[in-house]
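A short worksheet on the structure shown next.
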Amino acid sequence: GRMERACIWTADAVLSPSRFMARKISGWLEGEVPEVTTIPYPWPGLAETVSIDPGEERRIVAPGRIELRKGVEPLLEACENLWREGETFALEMVGGDVHTPLKGGSLLEFLQKRYGHRVDSGQLVFTGPIPHMKCLEHMRKATAVVIPSLWENFPNTCIEAMSLGKVVVASES
């Protein structure tokens, strides 16, 4: 983080898309903190363009590529534990596959083999990549949206889900 701190200290201005991120930056820096200007992203009111829906009962949507850094493995392990304990919900994973040498190729194929019994039962659904507006529709119909990323900055999917009035469960990152 030394290079990042040096870049922030020598910058003409420090901008953040949210007050939360501005506070995080200020807390991360050591010593006197430069002023951080918040300029929110220019989001059109999604709640105005897509009607808010209370969601299908017990359907959770996880938008994002099927890749390790998106936290798909810890999410599926947690869901598997809940399903074993008798919880009844469906997890819909919306996004494309990524080649992962650590898993021998396709991460999606690896997960489909590991959790095939959940796919067969309808508890786990992999939609593959879909157009953005269709993804918003999937999120609109969900009970909640989960963003389990291990490394993330300020995910648009989180902002979109909140704009749709959804409960968002996200990793600390």
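The values are calculated or read from the model by the stated rules, or taken from the named source; none is laboratory data. This structure is a prediction, so every number in the text was calculated from the model and none was measured. Please note: Cβ atoms are built from the backbone with ideal geometry, for glycine as well, and neighbour counts cover all protein chains shown. What goes into the accessible areas is simple: the full protein's heavy atoms, side chains included, and nothing from ligands, DNA or RNA. Shrake-Rupley method; radii C 1.70, N 1.55, O 1.52, S 1.80 Å.
Numbers for the structure displayed
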| quantity | calculated |
| --- | --- |
| Within the accessible area of the chain (1.4 Å probe), percent carbon and sulfur | 56 percent |
| Pair Thr37, Arg59: separation of 7 Å Cα→Cβ label points (nm) | 4.3 nm |
| Amide H partners (placed H, <5 Å) of Glu67, local residues excluded | Val72 |
| Placed amide H near Leu124: partners under 5 Å, 5+ positions off or other chain | Leu91, Val119 |
| Under Karplus coefficients 6.51, -1.76 and 1.60, residue-wise ³J(HN,Hα) of the stretch 84-91 in Hz, glycine/proline x | 4, 7, x, 5, 10, 8, 10, 10 |
| Aspartates and glutamates whose Cα lies under 13 Å from that of Lys24, excluding same-chain neighbours fewer than 8 positions away | Glu35, Glu172 |
| FRET efficiency, Arg19 to Leu68 (Cβ-Cβ, R0 25 Å, nearest 0.05) | 0.25 |
| Above-threshold pairs, the threshold being 25 Å between Cα atoms, out of Lys70/Lys103; Lys103/Lys134; Lys113/Lys141 | Lys103/Lys134; Lys113/Lys141 |
| Integer Hz, Karplus 6.51/-1.76/1.60 couplings in order for the stretch 76-83, x for Gly and Pro | 5, 5, 5, 5, 4, 4, 5, 4 |
| Largest-first ordering by accessible area, 1.4 Å probe, given options Cys7, Cys135 | Cys7, Cys135 |
